[in-house]
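Working notes, structure below.
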Amino acid sequence: MPTDLPNLLTISRIAAIPVMVAFAAIGAPWADMAACIVFAAAGITDYFDGKIARDRGVTSSFGRMLDPIADKLLVGAALMMLVGLDRLSHAALYPSIVIMLREIAVSGLREYLAELRVGLPVTRLAKWKTGFQMGAVGTLLAGDTGARTIGLGFLPISLIGEAGLWVAAVLTLATGWDYLQAGLNHAGQADAAATAAASPGETAARP
């Protein structure tokens, strides 16, 4: 049910997006740090909604549908804000593009496999990808200016965030390739089954 705690946490992740965007748009150091905190808090719910659902045995189709959507909306909104506010270097645009394209591709793949009643399991590598991605984006939202508000101005925060974004992009390509192979295998099996089912009819129709 949508009112279960895990689903409420997932919904809160979506609700956090306009708050994060509003803080990032202000452009003040304290607002940059606030955007980072909101993003981090929303990212943490991604761990707890799944854990609580498994521990309590309250997994639902609604949660399975909305959870990956919430993640993609959160990360996509954050990356677009960073690009739009010129908070990323030109080099960091490339891993951002890779991440966004992978999310779109995997979403399309999941939609296709759903028609075949096949699910894509979340691998351990995909979890690492999510961890690096969330950490990198959150760090970039804070940036060097936000870091100064908590006494970390001596660290190259933006550089650290961009390095994490590159790591996330590499992991994104690896997990995306795994998912693509799984999708191609299922598609091949579905085509083979359809061909086999059609063959007897074709044979019978011949004189």
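The values are calculated or read from the model by the stated rules, or taken from the named source; none is laboratory data. Just so we're clear, the structure is a prediction, and the values are computed from it rather than from any experiment. Every residue, glycine among them, receives a Cβ derived from its backbone with ideal geometry; neighbour counts consider all protein chains shown.
Residue by residue, here is whether (1) within 18 Å of G143 (Cβ to Cβ); (2) in contact with a Gly (Cβ under 6 Å, 6 or more places away or on another chain) holds:
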| site | (1), (2) |
| --- | --- |
| D4 | no, no |
| A16 | no, no |
| A22 | yes, no |
| D32 | yes, yes |
| A40 | yes, yes |
| R56 | no, no |
Within the stretch 129-150, considering residues that are closer than 14 Å to I99 by Cα and touching a residue at least 40 places away in the same chain (Cβ under 8 Å), the one surrounded by the fewest Cβ atoms within 10 Å (Cβ to Cβ): T130
Flag if A35 is in a helix (DSSP H, G or I) and over 21 Å from T145 (Cα atoms): no
Could you grab me the full set of residues in the stretch 155-171 that are surrounded by 19 or more Cβ atoms within 10 Å (Cβ to Cβ), hydrophobic (A, V, I, L, M, F, W, C) and under 17 Å from V75 (Cβ atoms)? L165, A168, A169, L171
Here is a list: L82, L74, L9, L88. Which entry is modelled with pLDDT under 90, touching a helix residue (DSSP H, G or I) at 6+ places or on another chain (Cβ under 6 Å) and surrounded by 13 or more Cβ atoms within 10 Å (Cβ to Cβ)? L9
